[in-house]
1. Order of 324-332, 220-228, 263-271, 146-154 by packing, highest average Cβ count within 10 Å first?
2. Under the classification rounded if a/c is under 1.5, otherwise prolate if a/b is larger than b/c and oblate if not, where does the stretch 79-337 fall, given a ≥ b ≥ c as square roots of the Cα gyration tensor eigenvalues?
3. Which one, LEU219, MET255, ILE198, projects farthest toward the positive side of the charge dipole computed for the stretch 79-337 from Cβ point charges (K/R +1, D/E -1)?
4. Along the charge dipole of the stretch 79-337, Cβ charges K/R +1 and D/E -1, which of ILE185, VAL337, LEU106 sits furthest on the positive end?
5. Grab the stretch 79-337 and count how many Lys pairs have their alpha-carbon atoms under 28 Å apart, sequence gap of 8 or more, or different chains.
Amino acid sequence: MAGAGVIRRAFMKRLMDFFWPLLGLAAVLASVRVLYEKLRIEAAAEPAARAALATSDLWSSLKIIAEVIGGKLAAIPPGSYALALLSTLGAYVSLAWYDRIALLHLRKLAGISFLYTATCSFVTYALSHNIGASVFSGGMVRLRAYTAKGLSAAEVAVLVALCSFTFAFGTMLLMGLTLLIDPGILAPLSKLSRHFAIGPVAARGLGAALIAFCMLYTLGAWLKLHPLKIGEFRIVYPRMPIVVRQYLAAPIELMSAAGIIYFALPWDVNPGFVVVLGAFLLSFSAGLLSQVPGGVGVMEAVFLAVMPQVPATQVFAALLVWRLLYLLLPLTMSIPVIIFFERSQMGKATKQLSPPPGSH
């Protein structure tokens, strides 16, 4: 009976070795479809393009999409693109740092290069930011990548949770600081929801509460709180070296991502970085909570409300640049990476099933 159990487990392992690459290839096909649909939505914002797209075939649609998006992007100066590209690079390097911080917390950095971590992080966020359901889509990529480096499924779950918390921590920290500096940023949003209809004093109080939460979290690390045990599972409270890195990585990533929009806006009507950052934090977080891929519609509504002095067409163009650089270009670049990784994993699984030489 024991021998049958071993054979059954070996069979299931080999079956899963084929299942995961097939799932990865399915993700590639889904990503291509998402990429096309999002570009189509961006182009359809123009009434004439929307009418043409409604009756055109695939190749004609691609031509219309290219013309509309190309026309919007041509109005932005080359220098603004250069700064936006640097901001994008800063954002994705910081996202890779999220994973490095989590691996350091788990004491699993040995044998995992920064290039490997950066590639895994890049693909993870390219999929999760575009497809939505970030815990599932991002978790799947990390599970495949890090179990290949020896991490257990439980350790990958901790890594995913800590990366998500690092983002949330940075959002609360920067949002708290933004509300303390510019408490009036919430007032224009009252036209979208009555819940934002709070005065400057209440806004500063909310900002102070967010900062206080960050301080309490830091205090827990400084006091070296004991691990929380749930049966056999242990949740270890991050220590100060981890928290210090979170204070750096998360704000840099969020400020870099907001910088893409800031640099893409015209200088003569630019409301300033604090306003852009506040609008970005509010809209991007709302988009993630609503699971709307890329925050389509949510970001436009928030930015138009917070920055009424900026013409709507220029707001749309800046957000288009952000989506192209932060969402769609990484998604396009991640597809060959997924194909290469899953083909290599499929090759390994095939070799394991092949009989050894001389066995016949």
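1. Ranking the peptides 324-332, 220-228, 263-271, 146-154 by packing returns 324-332, 263-271, 146-154, 220-228.
2. Oblate shape, in that a/c is at least 1.5 and b/c is the bigger or equal ratio.
3. Working it through, the farthest residue towards the positive pole turns out to be LEU219.
4. Towards the positive end, the residue furthest out is LEU106.
5. The number of close lysine pairs in the stretch 79-337 is 4.
Every number here is computed from the coordinates shown, using simple stated rules; none is lab data. Model, not experiment: these values are computed from the prediction. Methodologically, a virtual Cβ is constructed for each residue, glycine included, from the backbone with ideal geometry; neighbour enumeration extends over all protein chains shown.
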